[in-house]
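Colleague: Please find one structure pasted underneath; my questions will follow.
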């Protein structure tokens, strides 16, 4: 099929044939569908705890990057076989830009696979529960953890017993709490906390899921306990067991035996902790994950589990997966910006190689690397050793200046229209660096704001954080502007190519 | 008589004497001149038939019919007169610190073949590269007297083949199709034109070959095929004969002559070569370069008013000096295995040969180089 399409393109659209655009588009799309499929398969959530298909995401992405790189290298081998621009075949000025666009789309198709993998995984994970059901169940699980193996609230600091040392204070906490004028033991059930799903949304993935996922229910449950509201407590237990049974989570809990084991009004002291994992799995590595989810920093040293258990660890682990899938923070603007930037940079490397030649491309690459390293080292030495410290944005200014010097040499030589001189190297460097200028200006402004917001109390701090937080968007906008610039600059490259070599 | 009519009569004569291979080449030239798919198809159909019926008695008849149809069509087509393409005025190129080419003055017309001769390192390649705009003259001007939109567009029309050509990757046939496609041949005529050009250059059997499987001579032919598909104004070829055997050299030069001298699509060809005799036979102008300086054979001021002959004999120089003195011998020099004798301009080849017969000088080789750049090499 490819052969037939390619033959048709060869006769009608030689540029498309040369870039192997259609086969690469098909291969890239199919691959991304496969990555989506692998992600979807990997997004399986097994509440029985028997299957754990969770392929290590990083390893898989490394494999994907390696595999896609090989395909791109094969593509390059075929692509560089013919170069109508270098051979001075008749061409319209715009065709260079079309060629660049094709390179960019191919690079993008082969760089975007992590997103397809993650989206596939999340779609499968999301399919287990609707958003409203998830929100409802998260609250139930969060509350129920209070009566299973929840963490204890830290008690207040006993300033009388705390000891001041020269360089630190050895703090001692009270071994009791006071709630509504009543004294309770620090390990009383009343001092327990609900499970904070917030930690998996707010801390790692921002705060936009905070309200939906978990509301701090601690004080609410303490009110139930304090007022001996058995009905509400039993309702929490009953709701929880419905969730547990729905997912066939292993448990021997009933509302009655659970309530009887943990609920001891009024002091809530002589209760026994519900084991949050299935016993047979005790040697399984997964059990240890509880520490990750349970925040067991503060607990009685003689904590004993009752014979009652529920595989709460597994339930939480799986709900966190679903929660993460809904919060969708694996694919935030920064990840998209990184992928776009990578594809854009790669496409510029390939494009510059196409419009010049390998020898000059390599010289440009090595000299850029060498001088960047050298100038970087000199700047680092100056930065570390010169007092008062030179602001970082001065060095970014220097980088912009170097880019502009190269651009001046390139454009002046082109306008003279005599010989190319060293512009083949200069052109490579310019193609790689022109998109850096706007980004550098962005960094300078951000750094400037940062310094000013530190020195003076003003609103610049807010602007600085706005700059910092929107870097991803700016990278995307910069890529778009750069591509538009390339449309015009490709005509200059066309003009440059016509100049005599020596 | 119109140029086409003259060429047509020549081909008819070739057909009459059964020189089919030559007739086929000229038929292909005529077919390409039509720029008409109908004729592309007809000639290709004949070539496909000819592949398996080479010895058939019908070949002559089929060729005759095809030729008549082409004649009928092309007789109506307007011929393109030869015109000045490039004018080089006092061009000097200081290329390396120790070498300067020029000043060069040269006019290049369509339909012409210009031979550049000279020893190695005397500026032939530098001149070719200057003509294709790869090198910018240090002083002087190269005027390109045809339409072009930009410098890039100009360079697409100045097709230069260096002596060492770059390797072709992938299938030879696909490479040629790609070139044809880039140069605007429509899909339905692409493979027809490619087939015609390949056959024209004797590459019909080599369609499926890879670059590494080809001899140097055939690599050059593939380059020529690609060049022809590029519809150039001028072809600049560095040492095209270097890797060809003596027969192939003659064939390629004949091909150049016919391609350049098309009545409908004339182009100029500038080639450099060491094969003096062959180049002189084919070229309209010969430019001799010595240490970067130009000496044109056809220029009035370059004419030495002397009769110069190159010959080989078993006689010694002293004996020859004595025997040829009757012709007022100016000088007699040994140049490798041959002798170069210079006489006043009133001596002719006939009087020289008569003198040799009278003096019983046994000649193994003889060539009048009075009007050949060969004399520049030996002086």
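Colleague: Which value in deg cm²/dmol, rounded to the nearest 500, describes the helix-derived mean residue ellipticity at 222 nm for chain B, given -39,500 (n - 2.57) per DSSP H run of n ≥ 4 and division by the residue count?
Modeller: Value at 222 nm, helices only, nearest 500: -13000 deg cm²/dmol.
Colleague: Averaged over A:11-17, how many beta carbons belonging to a partner chain fall within 10 Å of each residue's beta carbon? Please list the in-between numbers first.
Modeller: Working: counts 11, 4, 2, 9, 3, 0, 5.
Per residue, the average neighbour count from other chains is 5.
Colleague: Compute the distance in nm between two label points, each set 7 Å from the Cα along the Cα-to-Cβ direction, one at residue A:397 and one at residue A:171.
Modeller: Label at residue A:397, label at residue A:171, 4.5 nm between them.
Colleague: For the protein assembly as shown, rounded, prolate or oblate, judged on the Cα gyration tensor with a ≥ b ≥ c (square roots of eigenvalues), a/c < 1.5 rounded, else prolate if a/b > b/c? Could the numbers behind the result be given before it?
Modeller: Details: a/c = 4.12, a/b = 2.64, b/c = 1.56.
Since a/c reaches 1.5 and a/b is larger than b/c, the shape of the protein assembly as shown is classed as prolate.
Colleague: Here's something else I'd like to know. Show me A:6-12, B:193-199 ranked by packing, highest mean number of other Cβ atoms within 10 Å first. Write down the numbers at each step before the final one.
Modeller: Details: A:6-12: 16.9, B:193-199: 22.9.
By packing density, highest mean first, the sequence is B:193-199, A:6-12.
Colleague: If you don't mind, another one. In degrees, nearest 10, range 0 to 90: what is the angle between the Cα axis of helix B:58-75 and the longest Cα principal axis of chain B?
Modeller: Helix B:58-75 and the main axis of chain B meet at about 90 degrees.
Colleague: Any idea how far apart residue B:366 and residue B:171 come out in nm if each label point goes 7 Å out from Cα toward Cβ?
Modeller: Output for this residue pair reads 5.7 nm.
Colleague: Take B:342, A:254 and order them by how many other Cβ atoms sit within 10 Å, fewest up front. Spell out each step's value before the answer.
Modeller: Values: B:342 20, A:254 13.
Starting with the residue having the fewest Cβ neighbours, the order is A:254, B:342.
Colleague: What number, rounded to the nearest 500 deg cm²/dmol, is the helix-based mean residue ellipticity at 222 nm of chain A, given -39500 (n - 2.57) per DSSP H run of at least four residues and division by all its residues?
Modeller: When only DSSP H runs of four or more count, the value is -21000 deg cm²/dmol.
Colleague: What is the calculated FRET efficiency for residue A:223 to residue A:132, with r their C-beta to C-beta distance and R₀ = 41 Å, to the nearest 0.05?
Modeller: Details: r = 26 Å, r/R0 = 0.63.
The formula returns an efficiency of 0.95 here.
Colleague: Using the C-alpha gyration tensor of region B:221-379, what are the square roots of 5 times its eigenvalues, in whole angstrom, with the largest one first?
Modeller: Details: eigenvalues 274, 53, 37 Å².
Listed largest to smallest, the semi-axes of region B:221-379 are 37, 16, 14 Å.
Colleague: Over the alpha-carbon set of region A:21-168, divide Rg by the Kirkwood Rh and report the Rg/Rh ratio to two decimals. It would help to have the intermediate numbers written out before the result.
Modeller: Numbers: Rg = 26.9 Å, Rh = 20.7 Å.
On the Cα set of region A:21-168, Rg over Rh gives 1.30.
Colleague: For residue B:354 and residue B:150, FRET efficiency with R0 = 41 Å and r from the beta-carbon atoms, rounded to 0.05?
Modeller: On the way: r = 62 Å, r/R0 = 1.52.
Taking R0 as 41 Å, the efficiency between residue B:150 and residue B:354 is 0.10.
Colleague: Would you mind classifying region B:304-378 by shape? Square roots of the alpha carbon gyration tensor eigenvalues, ordered a ≥ b ≥ c; an a/c under 1.5 is rounded, otherwise it is prolate if a/b is larger than b/c and oblate if not.
Modeller: Numbers: a/c = 1.55, a/b = 1.19, b/c = 1.31.
Verdict is oblate for region B:304-378.
Colleague: Something else now. Order B:120-130, A:400-410 from most to least packed using the mean count of other Cβ atoms within 10 Å. Working shown, then result.
Modeller: Numbers: B:120-130: 21.6, A:400-410: 15.5.
Going by the mean number of other Cβ atoms within 10 Å, highest first, we get B:120-130, A:400-410.
Colleague: Provide A:222, B:169 in ascending order of the number of other Cβ atoms located within 10 Å of each residue's Cβ, fewest first.
Modeller: Details: A:222 22, B:169 15.
Ranked by crowding around the Cβ, least crowded first: B:169, A:222.
Colleague: Can you pull the Rg over Rh of chain B, Cα-only, Kirkwood? Don't skip to the end; give the middle numbers.
Modeller: On the way: Rg = 23.5 Å, Rh = 23.0 Å.
My calculation puts Rg/Rh at 1.02.
Colleague: In what sequence, highest mean first, do A:387-399, A:86-98, A:419-431 appear when ranked by Cβ atoms within 10 angstrom? All intermediate terms of the calculation are to be shown ahead of the outcome.
Modeller: Numbers: A:387-399: 14.2, A:86-98: 17.3, A:419-431: 20.9.
Ranked from most to least packed, the peptides come out as A:419-431, A:86-98, A:387-399.
Colleague: Also, quick follow-up: Return the distance in nm (one decimal) between the two label points of a simple spin-label model at residue A:422 and residue B:65, each offset 7 Å from Cα along Cα→Cβ.
Modeller: 6.8 nm
Colleague: Efficiency by 1/(1 + (r/R0)^6): what FRET value for residue A:405 and residue B:293, r their Cβ-Cβ distance, R0 = 41 Å, to the nearest 0.05? Walk me through the intermediate numbers first.
Modeller: Working: r = 42 Å, r/R0 = 1.02.
With R0 = 41 Å, the Cβ-Cβ based efficiency is 0.45.
No value in this document is a laboratory result; all are computed from the given coordinates. Keep in mind that this is a model prediction, so the values were computed, not measured. Here Cβ is always computed from backbone atoms with ideal geometry, including for glycine, and neighbour counts include all displayed protein chains.
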